Amino acid sequence: MRKARILTAIVGCLLAFTCSCGTKEESAPSTPAAAQAGSGTAFNPSMGTAVISGKATFEGTPPAMREIKMDADPVCVSMHAQPIRSEEIVVSDGNLANVFVYVKEGLEKYTFTPPSAPAELNQEGCSYKPHVGGIMVGQVLKIINSDPTTHNVHCTAENNPQFNLGQALKGMEATRKFSHPEVMVHFKCDVHKWMSAYLGVLPHPYFSVTGKDGTFSLKNLPPGDYVIEAWQEKLGAQTQKVTVGDKETKEINFSFRAPS
């Protein structure tokens, strides 16, 4: 075990050096300024009174959550008393978790200021937390290594610059920002092939991720006509149109099934 940890540390140092000095960031395709952050009237979400809520469910028999093999890194194995399972499709009593639900259309006439508090992507227990999340254009993303082993964060964005960031030691942190909307941005760890995460990058704050109960809520919306999209990494995306008035709450539901 001691030899394995020493070897891991050496590899981590080499990886960190390589990732920080030898990785070339890819340029993002040009995107109109209006698409980046919206165009029009500045809107403070604290003034919104409309709510769109609902649930994501799974029809049929859900696929088995495969066991993740961490044998390649004894440090990862040591952090789990029981094996962990894949988060690709998580179903509980018919409810579907890790579905990213957001306003796809209907906010084009508004602009929004990103929050000053950063969003976080944490490497904990040799898994990304959150597995699915969201961030606003221009908001700081804090990337943290909470594990006593080497990780790297390989961002494979398409509308934003890619990066491959090595973090060899526990407690290391780094920050990044995204300048363009993108649903979804994929993150992976080249050291631990099972590690994967997705972040939706939006020009507004109206997004939600379903939990084990499958529920979501988009609060503090201005009244209007919207297209709401629900995205799931293996089951695809669905959209629904909904009109919501001032101080009104509308409920919509999304039902997914395994591809035939």
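Some notes on this structure:
- Estimated translational D of segment 135-260 in µm²/s (Stokes, Kirkwood radius over Cα pairs; 25 °C; 0.890 mPa s): 145
- Residue (of 157, 144, 258) at the positive-pole extreme of segment 127-260, dipole from beta-carbon charges: 144
- A full extension of the chain between residue 53 and residue 186 corresponds to an added length of 45.3 nm, given 0.36 nm per residue minus the alpha carbon distance.
- Shown here for segment 96-167: trypsin sites (Lys or Arg not before Pro) in loop regions (DSSP other than H, G, I, E, B) with at most 15 other Cβ atoms within 10 Å, namely 109.
Throughout, read-outs are computed from the coordinates displayed, never taken from laboratory work. None of the values given here were measured: they were computed from a predicted structure. Reconstructed Cβ throughout: ideal geometry from the backbone, glycine too, with neighbour counts over all protein chains shown.
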